[in-house]
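Only one structure is covered here, and it is reproduced in the block below.
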Amino acid sequence: MIRLENISKEFPDKILFQGVNLVLKPGMRVGLVGANGSGKTTLLRLMIGEETSDSGNILKSRGLSIGHLPQDIVITSKKSILQEVLSSFFDVSELEIQIDKLNVELAQSHNDEKQLKRLGTLHHQYESLGGWELEDRAKKILSGLGFNTNQFTMPMETLSGGWRMRVALAGLLLKKPDFLFMDEPTNHLDLDATIWLEDFLSSWKSGMILISHDRQFLDRSVSHVWEVESETILSYTGNYSRYIEEKSLRREQQQSAYLNQQKKIAEIERFIERFRYKNTKATQVQSRVKMLEKMEKIPPPVERKSQIRLRIPQPHRSPLKLVTLSQVEKSYGNLQVYSQLDFLIERGMKVGLVGRNGAGKSTLLKLLAGVEPITQGRLEYTPGVKKAYFAQHQLEILNPNDTVFTSIRKVCSGWTDVEIRTFLGGFLFSGETIDKRISVLSGGEKSRLALARILAEPSHILLLDEPTNHLDMVSRDIVETALINYSGAIVCISHDRHFLNAVTHLTAEIGNGKATLYHGNYDYYEWKVLSKHKADPPADRPARQAERAGVKVKTKKTVYREKKRKKNRLQKIKLLLKDIEEEQQSIQKKLSSSSVASDYEKIHELSKKELELESAYFDLLEEQEALDK
């Protein structure tokens, strides 16, 4: 258990939090949320012991183990990927070295009983520490995080920073500490790896606290939310969606209490002002003056920045066809990424690119952006169509000596100062921040500015590679809303499923050198892809078996029976859907109940059941759709 007692932390330019009291118990799975710069990472560092608080105490249970994955990590190991992951088990690694050494010695002296006995003891110790299963577990975790078996023996020094972060994460997951602390673990993961980690953490029994701006990841991974806001940290029970509902309710209650108190204060002040100089009312006036002095003032609710609306310049009406790819091939040496790719992007299309790591999603964006040439085939933009490309490397293109204001001024020379400041306000740049040099901006601020530069100039098609990386929840909400209302076309890659569901209405699955288009957002795509791998619905199975066997029985009797069976099954499905909806409502009530607020196992159990019901609901809808045809 980790207990925070009256913790305060202040920097020269701001107070992060003061008088914080929190308890992190075994089994609690906490999502730490708040705006960038609010103090989330600092809180983790305080709890680990890498920083000290200005006041208060942090108490930890004796012998407690904490695994920490920071936002930025440097690994300079000479080991292979697999060796680096296994190195977190020092005792096991040492035993492996001793066993290998003894085997070499015994190869020269087969009958050394003393050495044979020692080897048996070492094997027993190795087995008791789980050494035989450890390597298999490590390989499974590495595979889930996107490594293939050929990479396990690659040296660490050949990896980029993002992939080294995955190795560090694999080591932590393998070690299974009492508490797992993770700072933006999905920033360096693609969508497949994010979903794998989500599934892995769903069965995590130890305590956990993580910082993430991925709503869906938080929804499926946490049982509590701690929000850092207004110099304090508030605790909420439930996942992220539950936190949003509860926060809205608390805000309404605070607004109501604040307004009622303000009304009461105004009445008291009017009484004081009216009878201040009347001797007969002196006692009552003094009583009310003291009442005001002693009254604990209720602060007004914090302004919701997510209500800020970003207005981005809209492009003029474009031709119907924007860009056409015909029989496109793309190769890097002997590696062929695309073969005979056909792809058409039309006016207003908003497409999310999905697919396994290395399938070619970023390559397709680079081809569309003209950053990479095609190897063969045809890629044509309709004359007059303007494109804009956003990728993570564009943060490096920003001139560190420019201010935020001058950086936008360079791409919007025709805008007035007021127009530039209004536009930047939509990206949460205001006041003194507008005059800051880019060199002193945080990663999130640089990402917002780079995106602002892209969106400042109207384009018919936006090509976006992970546009929400490093953005906090508020920034994501604002950018999402702007892109939803954007009239041009969008082709984007994102591991944020909430973003994909909100912004895109088409999904292109990239794989095997092709692009398969699904006419729906990510949730629709996931539903359709999963349904492919499921067995035929029971009601459909006999007919399909007959079809496979070549049996043609279309008598009036069989037609009648088939219609009756379909009708009965459809009625049954309606009842089942209603039952699931009622059960979901029951679970939501239980999760909101104070009786389970501190029962972490129960919260996890109910959340898991809720996901199972949701999956069953989609399956029934698909069966209903098939029967209605």
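Considering the range 566-607, the residues that are at pLDDT below 80 and β-branched (Val, Ile, Thr) include one that is surrounded by the fewest Cβ atoms within 10 Å (Cβ to Cβ), namely 596.
Strands (runs of 3 or more DSSP E) fully within the range 180-247 that include at least 1 residues being closer than 29 Å to residue 392 by Cα and out of contact with any helix residue (DSSP H, G or I) (no Cβ under 6 Å at 6 or more places or on another chain): 207-211, 224-229.
Screening the candidates 57, 103 for the property of being assigned by TED's automatic domain parsing to the domain that holds residue 203 and either in a loop (DSSP other than H, G, I, E, B) or surrounded by fewer than 11 Cβ atoms within 10 Å (Cβ to Cβ) (or both) yields one hit, 57.
Residue 254 satisfies every condition listed in (1) modelled with pLDDT of 90 or more; (2) out of contact with any Asp or Glu (no Cβ under 9 Å at 6 or more places or on another chain) except (1).
Scanning the range 432-476 for residues that are among the charged types (D, E, K, R), surrounded by fewer than 22 Cβ atoms within 10 Å (Cβ to Cβ) and over 23 Å from residue 347 (Cα atoms) turns up 432, 435, 436, 437, 446, 472, 476.
I need the full set of residues from the range 321-338 which are on the phi < 0 side of the Ramachandran plot and either over 34 Å from the mean Cα position of the chain (by Cα) or among the hydroxyl-bearing types (Ser, Thr, Tyr) (or both), in order please. Listed by number, the residues that qualify are 324, 326, 331, 332, 334, 338.
A count restricted to the range 439-457 and to residues that are at pLDDT below 85 and closer than 22 Å to residue 386 by Cβ stands at 0. Residues of the range 423-435 that are over 29 Å from the mean Cα position of the chain (by Cα) and touching a residue at least 12 places away in the same chain (Cβ under 8 Å): 435 alone.
Taking first residues from the range 46-71 that are at positive phi and partners that are surrounded by fewer than 16 Cβ atoms within 10 Å (Cβ to Cβ), the Cβ contacts under 8 Å between residues at least 6 apart in sequence or on separate chains come to 56/5; 56/6; 56/8; 56/19. None of 338, 332 is crowded, with 19+ Cβ neighbours inside 10 Å, touching a helix residue (DSSP H, G or I) at 6+ places or on another chain (Cβ under 9 Å) and hydroxyl-bearing (Ser, Thr, Tyr) except 338. Here residue 415 meets each of (1) assigned to a strand (DSSP E or B); (2) of a type outside the set (D, E, K, R); (3) more than 30 Å from residue 335 (Cβ to Cβ) with one exception, condition (1). Filtered by the rule that a residue be in a loop (DSSP other than H, G, I, E, B) and under 10 Å from residue 511 (Cα atoms), the range 329-359 gives 355, 356, 357, 358, 359. Taking the criterion of being within 27 Å of residue 1 (Cβ to Cβ), touching a Lys or Arg at 6+ places or on another chain (Cβ under 8 Å) and not in a helix (DSSP H, G or I), would at least one residue in the range 150-166 satisfy it? Within the range 150-166, not a single residue is within 27 Å of residue 1 (Cβ to Cβ), touching a Lys or Arg at 6+ places or on another chain (Cβ under 8 Å) and not in a helix (DSSP H, G or I). Residues being at pLDDT below 90, over 31 Å from the mean Cα position of the chain (by Cα) and surrounded by fewer than 16 Cβ atoms within 10 Å (Cβ to Cβ) are entirely absent from the range 135-147.
The values are calculated or read from the model by the stated rules, or taken from the named source; none is laboratory data. This structure is a prediction, so every number in the text was calculated from the model and none was measured. As a convention, Cβ positions derive from the backbone with ideal geometry for all residues, glycine included, and neighbour counts pool all protein chains shown.
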